[in-house]
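FYI, it's all coordinate maths here, none of it is from the lab. Since the structure is predicted, the reported quantities are computational estimates derived from the model, not experimental observations. Every residue, glycine as well, gets a Cβ built from its backbone with ideal geometry; the counts of neighbours run over all protein chains shown.
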Amino acid sequence: MPQFENTAKHVAIIMDGNGRWAKRRMLPRAMGHRQGVEAVRKLVRNVEPMGIDCLTLYAFSSENWKRPEDEVGDLMNLLRKFIKSDLPEFIANDVRLKIIGDYTALEPDIVAQLEDALEQTSKGSRILAVALNYGSQQEIVQAAAKAAEQGAVTEESIAANLYTADLPPLDLLIRTSGEVRLSNFLLWQCAYAEMAFVDVLWPDFTPEHLQQALDDFADRERRFGGR
């Protein structure tokens, strides 16, 4: 068995660059999103040998509703197709699907698909967390409010009420496309996470790029505020 002592166990990715990928090829934005889904498939199929226990993907933010209606509709249709086509593979490969964000605000048929997928994969040992209708600032506000209802508001009580409460601590956050910002993603969870900003558009991001980020992570010294 390979050893993964210095491997990031929980990796999160801001999947950025679908639109620019399509624009550079003079294709509709929808084609960029479709190629982005293919990049997700390739990555999910290859994380186990890398020693990753949890992969969290930023799929649709709470701000993405501001995009043109036809683009949002295309993203939702891709989500429907992805769940339907890939659910059997998740089950066969012991993957547990988790949704972070208020997915209940999506269309009823998608909510039903997601809840069925959550139930069918609930016993999986490896986690694929997908952020849908997610915004980190709102998540923190909601967690703090719940903590206040329960008693004292502390770091521990807030963390216990985040969407990610049952996930491992975040080790590494990757953003593709060369942009260097967090875009309201996992702000609390990133407190001591390592970060990697990769100058590759998401549809071109491969398992090899992920392995390189993991190799770089393994060479870093994590101090958690110490010296």
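From most to least packed by mean Cβ count within 10 Å, the peptides 77-88, 13-24 give 13-24, 77-88. Quick one: grab the alpha carbon gyration tensor of the chain, order the square roots of its eigenvalues as a ≥ b ≥ c, and give me rounded if a/c is under 1.5, else prolate or oblate depending on whether a/b is larger than b/c. Since a/c stays below 1.5, the shape of the chain is classed as rounded. Above 15 Å, the calculated P(r) of the stretch 113-155 contains 61 percent of its Cα-Cα pairs. This ranking places Ser62, Ser183 by how few other beta-carbon atoms lie within 10 Å of each, fewest first, which gives Ser183, Ser62. Note on the stretch 100-198: Rg/Rh from Cα positions, Kirkwood definition for Rh, rounded to two decimals, is 0.99. Counting neighbouring beta carbons within 10 Å and listing from fewest to most, the residues Met31, Met50 come out as Met31, Met50.
Which percent of the Cα-Cα distances in the stretch 54-147 go past 15 Å? Taking all Cα-Cα pairs of the stretch 54-147, the fraction more than 15 Å apart is 63 percent. Mind listing the long-range amide H neighbours of Ile100? Cut-off is under 5 Å, sequence gap 5 or more, other chains count too, H placed in the peptide plane at 1.01 Å from N. When sequence neighbours closer than 5 places are left aside, the close amide H contacts are Val130, Ala131, Leu132. Backbone phi angles across the stretch 149-162, fed through the Karplus curve with coefficients 6.51, -1.76 and 1.60 (θ = phi - 60°), yield HN-Hα couplings of 5, 8, x, 5, 8, 10, 4, 5, 6, 5, 4, 5, 10, 7 Hz in residue order; Gly and Pro are listed as x.
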